[in-house]
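Engineer: Starting off with a structure, shown below.
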Amino acid sequence: NEGLTIAQAQEMALAVADKIIDSEPILSQADRDLGDGDHGLGMARGFTALKKELTGTSFDNLRDLYQTAGNALLTTMGGASGVVFGSLFLAGGKTMHGADCFGSHELSHLLNQSLKDVMGRGGAKPGDKTMIDALAPAAEAAKANIDQPLAVSIKAVAAAAEAGKEDSKDMIATMGRAKTLGEKTLGLPDAGAISVTFILETMDAYING
Ligand code: ADP
Ligand code: MG
Ligand code: MG
């Protein structure tokens, strides 16, 4: 079996939390360029709460793990991005049921459910210069690699997110605060797309590291 155990998936979520907390200045700067500058602080607050909920707890299945993680983000980050990044982990809770192994199928179901939920709730589409521009290609790569080992699929997923984040530089924001900046947003990547890329790259580093 090539997937992660529940304990490993938990350790991976804690590694993701540390990466996001350490990246607070980068994420804040990216949001300062295009938005209101609070993305790094919001993410750090959410992932600090996630760490607190996951540290020292043991989970019986992946659903409980991802539900706990998603609720920690949703309830502490607040606002649009709390729903958006909460959805990412809550989608894991929705799709994994009693699973005890995190493999390529679980990865694909998590990303594709989360894409569906974020687009359904927030109304943004690919090309609007949001985190969806990293999440959508990542979800597609996960689907394309669903029958590959997790080490292969997560690498493709992280690379797709990174490429999508780079593509977001060429997009004009049509949602949120960045909308008022219009063409001034050209050349800079979306802050939330950077967060998605960091999350998936940290998962890749954990799995392949
Ligand atoms: P806020 O916009 O409330 O200040 P943050 O700064 O924490 O929240 O998060 C901003 C990020 O959230 C954006 O860079 C974008 O990626 C993401 N985002 C905002 N609105 C949406 C939406 N409707 N759908 C998807 N992502 C969104
Ligand atoms: Mg902001
Ligand atoms: Mg704000």
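The values are calculated or read from the model by the stated rules, or taken from the named source; none is laboratory data. Here the structure is a predicted model, which means the values were calculated and not measured. Cβ atoms come from the backbone with ideal geometry, glycine included; neighbour counts cover every protein chain shown.
Engineer: When the residues of region 195-209 are narrowed to those that are in a helix (DSSP H, G or I) and not hydrophobic (A, V, I, L, M, F, W, C), which ends up surrounded by the fewest Cβ atoms within 10 Å (Cβ to Cβ)? Spell out the reasoning first.
Structural biologist: Filtering region 195-209 for residues in a helix (DSSP H, G or I) gives 195-208.
Adding the requirement that they be not hydrophobic (A, V, I, L, M, F, W, C) leaves 195, 197, 201-202, 204, 206, 208.
Details: SER195: 30, THR197: 25, GLU201: 19, THR202: 21, ASP204: 20, TYR206: 19, ASN208: 12.
Looking at the filtered set, the residue picked out is ASN208.
Engineer: Let me ask something additional. Given the criterion over 19 Å from the mean Cα position of the chain (by Cα), within 11 Å of ligand 1 (Cβ to nearest atom), at pLDDT below 95 and of a type in the set (Val, Ile, Thr), identify the matching residue among THR174, THR180.
Structural biologist: Values: THR180 fails: within 11 Å of ligand 1 (Cβ to nearest atom).
The conditions single out THR174.
Engineer: If GLY70 passes every condition in (1) more than 16 Å from ligand 2 (Cβ to nearest atom); (2) buried (at least 19 other Cβ atoms within 10 Å of the Cβ); (3) more than 16 Å from the chain's Cα centre (by Cα) but one, which one does it miss?
Structural biologist: So GLY70 meets the others, but not (3).
Engineer: Just to verify a result, which residue in region 143-194, among those that are in a helix (DSSP H, G or I) and closer than 18 Å to LYS116 by Cα, is nearest to ligand 2 (Cβ to nearest atom)? Break it down stepwise before answering.
Structural biologist: Residues of region 143-194 that are in a helix (DSSP H, G or I), as a first pass: 143-144, 150-170, 177-185, 191-194.
Filter again for closer than 18 Å to LYS116 by Cα, leaving 143-144, 157, 160-161, 164, 192-193.
Values: LYS143: 30, ALA144: 32, VAL157: 25, ALA160: 24, ALA161: 20, GLY164: 20, GLY192: 9, ALA193: 13 Å.
This residue is GLY192.
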